[in-house]
Number of protein chains: 2
Amino acid sequence: MTVPSDADRIAGDVRVVTAAAAADSIAEDAAVAVSGFGSVGYPKAVPQALAASGRDLSLTIISGGSVGDEIDTELVEAGAIARRYPFQTRAASRAAINEDSIAFHDRHIAGLGDDVAFGTLPTPDVAVVEAVSVGEDWFVPSTSIGQTPSFVRNADRLVVEVNDAQPLDLRRLHDVYLPAMPPHREPIPLRRADERIGTPRIPFDADALTAVVRTDTRDATYTFREPTPEVRDLAANLGAFLSDEVRRNPVCEDVVHLQFGVGSIGNALMGELESIDVGGRDLVYYGEVIQDGLLNMLDAGLLSSASATSLALTVEGQDRLFADLNAYADQVVVRPANVSNAPSIIRRLGVLAVNSAVEVDLYGHVNATHVRGTNVVNGIGGSSDFSRHAAVSVIALPSTAAGGDVSRIVPMATHVDLTEHDVSVVVTEQGVADLRGLAPRERAAELITECAHPSFREDLRAYVERAERTGGHIPHDLETAFDWRSAE
Amino acid sequence: MTVPSDADRIAGDVRVVTAAAAADSIAEDAAVAVSGFGSVGYPKAVPQALAASGRDLSLTIISGGSVGDEIDTELVEAGAIARRYPFQTRAASRAAINEDSIAFHDRHIAGLGDDVAFGTLPTPDVAVVEAVSVGEDWFVPSTSIGQTPSFVRNADRLVVEVNDAQPLDLRRLHDVYLPAMPPHREPIPLRRADERIGTPRIPFDADALTAVVRTDTRDATYTFREPTPEVRDLAANLGAFLSDEVRRNPVCEDVVHLQFGVGSIGNALMGELESIDVGGRDLVYYGEVIQDGLLNMLDAGLLSSASATSLALTVEGQDRLFADLNAYADQVVVRPANVSNAPSIIRRLGVLAVNSAVEVDLYGHVNATHVRGTNVVNGIGGSSDFSRHAAVSVIALPSTAAGGDVSRIVPMATHVDLTEHDVSVVVTEQGVADLRGLAPRERAAELITECAHPSFREDLRAYVERAERTGGHIPHDLETAFDWRSAE
């Protein structure tokens, strides 16, 4: 990796200021849209300067997806965030949201750029973004794109952090495509996951550029837990299901398009992809994040190409990628989230989507976000973008939580993020429940037999018996729906 | 209206048989896909012949949307239906589903054609469709299209009912567009609601044509209740909201695209559209059904054009339309449901969607289908296709049911069809709650103050106070969530 010259990083008449000066230009109660997705590619120095400013801030922070500690820990601990959209993954932000000291609304990823453009969310006063290089009216994003193009277009002002720790050659991966406003929007012309339909640059109005800041700090990336034996069994069941499915599903005739959700389970499942027998078919990843597991697949020649909006790798994964960016550029495309998560393209390609959950109920409703219906974990992210529009929507989760004390297969989900209409198949370490075409009572029987942990099956069957006394298309006993183990 | 000759109705070497003979060609346990949507355009004689056959039938019936009594009453009462997808609106089918004598799974309308093509639902053995005319390898559908093109393409065999009671000139309204299978699917090239991108004919494999039957029976269309004073107040609140929204939302700068859900409330709201002040903007309907209220708007010159998949008119409305089909053809387009309800097009046009519900909870989750979480009413239909992808998603419903005894604003929805992520605004006869950008606790306060009936506000506030003792991002007291009025 060669050290790029300043001229490569900053082109044209652009004034560089300190992070503190840039932070000072942001009003106490500003709506700030930040770059970043999958915990990478987010601005670092300006949020830190805001946190350290000692000012009485009540900011609204809008990110494309999850960002690092500089925003969701340091700014939170400084009491600087009043509102937060649409996703977070840090302990500090999670606690503040659940204690109601930050007002939070999680939103679908695909539509978030439009949420800002249409006024569904606050219009950003300023966009603060990380770049590998900047010019007078463009910049090249770093390790993620997310909804940054829309944020920049809709924000009054722009602050750019040029991060020397992010390689300039990341530009070789990027494909920025900007849709017009409805009703003059054109169909997204993407027909293949490895196709490029835009440019590496995000354009902006030159008058909006308020400050450029130089930084040299790595992303505070995800770290992943080592897969437990339970997760390995889950992965094996998923692999067996997918090996069958690609043979019977007509959308997989020549090529298999896969998506995996974010997180430790997602990463472990990506790693287990090597064991799927796709019968010689081309395997393509069309998702929202690229995690380390996928890099292994690319290196092993098992994956033709990978498209996402974020390089959500560990530090080690980033090192591998950065060491050979030009070679990876033939197979890896990083897109805005309005393209990576676009309903039309997910459906057009026939993606098989695999996402995880907090709990799944007997009738196929999925809680992806709130423990006991109240405490948010991260947010819905892109799980519904993919599950809702996939050719096959798989929910993969361990059958229990809390060391086996809590069943993740429950009578009634305490919060619903994906409805019964959006789930095809549930996989746990116990087995596979194929819910397609089944009526609710049939789904319940299948989920109990195939997916629930044996220690909960009897109580779940007792619930169904109680519920069937009330009757109805979806039998429920509302008195014991959330207290089903202690009932009778 | 001129009476067409046989040559107009039937072209080429096509053998006409009796309905009884056609019914006999269908196996006892066949999966039968039928045309029909919005209670119009469905086959009549063959289902009646099946019901009257005295055979021991256990059919799977897949329709595009709701169909008439010939299918969802007569076949149900004959005990001939074992499985039913994805939507129904008749008392007999509703009762059979809730008594578990018919296995039912409701599915989104937009994806239903793909559900059949991908094997998510059973592959139809035979498609039975209504047409205004038929040739050796094509037919022209009658008063709806729904997912009939996909049903016909995926069914092994085809039975066509040519209905002389449906005018031949209906062909002037139709625009059939057939997408390819993923991953070779192209973007849908529709850019305007009044554009035509296909042909009036649905093609089929000539070898699949098993029988043609002649009929002469009108659709058993919807009848609508006269709007109550409550629904009139609701419509007035909606009109006031929309008049404001079109002025502030950038997607409405030149032209306003609207969708309204099916049913008596939808019809009443369509009728009240005349009172919306759109400030000189073009008004366009892009929805799934055209009801009588829209016809009034077209006749009054208040609507530029209307696109849908069904002419779900009353008999009187059909008479008005049929009397002047050539004139209406300039403004009305009937499309397959995979286009009328396409996520990409709803978003591309920036549709403002208005749908109704059984209940809405304090945090913005919507139950559109199941009373007390158990008894299905009709099905989700296209309400999520539109709400999920609209620029603005409005839920319009009376604040109470059962003569005022039951609040439709509840602490926790007993079934969730639209999540908190998919609802922008709730309107009742009491007022308007704009939930955009609000955190869950803020949404609860807004819904209680603006939308709940005054007689329930105190109990709802008491619930929120109880729930806040538990805390969390979405406060809930799971013990009293469904029994909130009798608590404390």
* **Among the candidates B:Ala402, B:Ala487, residue that is modelled with pLDDT under 95, more than 12 Å from chain A (Cβ to nearest Cβ) and within 27 Å of the chain's Cα centre (by Cα)** => B:Ala402
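Results for (1) outside the structural domain of B:Val360 (by TED's automatic domain parsing); (2) surrounded by fewer than 24 Cβ atoms within 10 Å (Cβ to Cβ); (3) touching an Asp or Glu at 6+ places or on another chain (Cβ under 7 Å), shown as yes or no for each residue.
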site: B:Val392; (1), (2), (3): no, no, yes
site: B:Leu397; (1), (2), (3): no, no, no
site: B:Ala402; (1), (2), (3): no, yes, no
site: B:Ala413; (1), (2), (3): no, no, yes
site: B:Glu420; (1), (2), (3): no, no, no
site: B:Thr428; (1), (2), (3): no, no, no
site: B:Val432; (1), (2), (3): no, yes, yes
site: B:Ala439; (1), (2), (3): no, yes, no
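Please go through segment B:211-258 and give me each residue that is part of a loop (DSSP other than H, G, I, E, B) and of a type in the set (Val, Ile, Thr), ordered by number.
Answer for segment B:211-258, where residues must be part of a loop (DSSP other than H, G, I, E, B) and of a type in the set (Val, Ile, Thr): B:Thr217, B:Thr221, B:Thr223, B:Thr228.
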* When the residues of segment B:92-114 are filtered to those that are over 15 Å from A:Pro440 (Cβ atoms) and part of a loop (DSSP other than H, G, I, E, B), which remaining residue is nearest to the other protein chains (Cβ to nearest Cβ)? -> B:His108
* Asked: Under the condition of being within 7 Å of chain A (Cβ to nearest Cβ) and under 16 Å from the mean Cα position of the chain (by Cα), which residue from segment B:371-383 is surrounded by the most Cβ atoms within 10 Å (Cβ to Cβ)?
  -> B:Ile380
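Does B:Glu479 qualify as being in a loop (DSSP other than H, G, I, E, B), more than 30 Å from A:Ala110 (Cα to Cα) and either among the basic types (Lys, Arg) or facing another protein chain (nearest Cβ under 9 Å) (or both)? Spell out the reasoning first.
On the way: in a loop (DSSP other than H, G, I, E, B): yes; more than 30 Å from A:Ala110 (Cα to Cα): yes; either among the basic types (Lys, Arg) or facing another protein chain (nearest Cβ under 9 Å) (or both): yes.
It is true that B:Glu479 is in a loop (DSSP other than H, G, I, E, B), more than 30 Å from A:Ala110 (Cα to Cα) and either among the basic types (Lys, Arg) or facing another protein chain (nearest Cβ under 9 Å) (or both).
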* Does B:Pro187 count as in a loop (DSSP other than H, G, I, E, B), at pLDDT 95 or above and crowded, with 20+ Cβ neighbours inside 10 Å? -> no
* Structure fact -> Sole miss for B:Asp194 among (1) assigned to a loop (DSSP other than H, G, I, E, B); (2) within 13 Å of chain A (Cβ to nearest Cβ); (3) without any contact (Cβ under 8 Å) to a residue 60 or more places away in the chain is condition (3)
* Are any residues in segment B:220-234 touching a strand residue (DSSP E or B) at 6+ places or on another chain (Cβ under 7 Å) and not assigned by TED's automatic domain parsing to the domain that holds B:Val432, and if so, which ones? -> B:Thr221
* Structure fact -> Here the residues within segment A:435-460 that are of a type in the set (A, V, I, L, M, F, W, C) and within 14 Å of another protein chain (Cβ to nearest Cβ) are A:Leu435, A:Leu438, A:Ala439, A:Ala444, A:Ala445
* To do: Just give me the residues in segment A:115-130 being more than 7 Å from chain B (Cβ to nearest Cβ) and either free of Cβ contacts under 8 Å to residues at least 40 places away in the same chain or among the acidic types (Asp, Glu) (or both), in sequence order.
  => A:Asp115, A:Asp125, A:Glu130
* Before we move on, is A:Gly135 more than 15 Å from A:Val34 (Cβ to Cβ), without any contact (Cβ under 8 Å) to a residue 60 or more places away in the chain, in the same structural domain as A:Ala211 (by TED's automatic domain parsing) and surrounded by fewer than 24 Cβ atoms within 10 Å (Cβ to Cβ)? -> no
* **Qualifying positions in segment A:259-291 - surrounded by 20 or more Cβ atoms within 10 Å (Cβ to Cβ), part of a helix (DSSP H, G or I) and under 15 Å from the mean Cα position of the chain (by Cα)** => A:Ile265, A:Gly266, A:Asn267, A:Met270
* Asked: Only one of (1) within 12 Å of chain A (Cβ to nearest Cβ); (2) over 28 Å from A:Arg348 (Cβ atoms); (3) surrounded by fewer than 15 Cβ atoms within 10 Å (Cβ to Cβ) fails for B:Glu226. Which number is that?
  -> (1)
* To do: Pick out the one residue from A:Thr215, A:Thr199 that is modelled with pLDDT of 95 or more, within 24 Å of the chain's Cα centre (by Cα), farther than 17 Å from A:Leu321 by Cβ and β-branched (Val, Ile, Thr).
  => A:Thr199
* Are there any pairs with C-beta distances below 7 angstrom linking a residue in segment B:454-466 that is assigned by TED's automatic domain parsing to the domain that holds B:Pro411 to a residue that is buried (at least 18 other Cβ atoms within 10 Å of the Cβ) and among the β-branched types (Val, Ile, Thr), with the two at least 6 apart or on different chains, and if so which? -> B:Phe456/B:Ile409; B:Arg457/B:Ile448; B:Leu460/B:Ile409; B:Leu460/B:Ile448; B:Arg461/B:Ile448; B:Tyr463/B:Thr480; B:Arg466/B:Thr480
* Unique residue being within 23 Å of B:Ala396 (Cβ to Cβ), hydrophobic (A, V, I, L, M, F, W, C) and either at pLDDT 95 or above or buried (at least 24 other Cβ atoms within 10 Å of the Cβ) (or both) when the list is B:Leu302, B:Leu311 -> B:Leu311
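The values are calculated or read from the model by the stated rules, or taken from the named source; none is laboratory data. These numbers were taken from a predicted model, which means no experiment stands behind them. Glycine also receives a Cβ, built like all others from the backbone with ideal geometry; neighbour counts cover every protein chain displayed.
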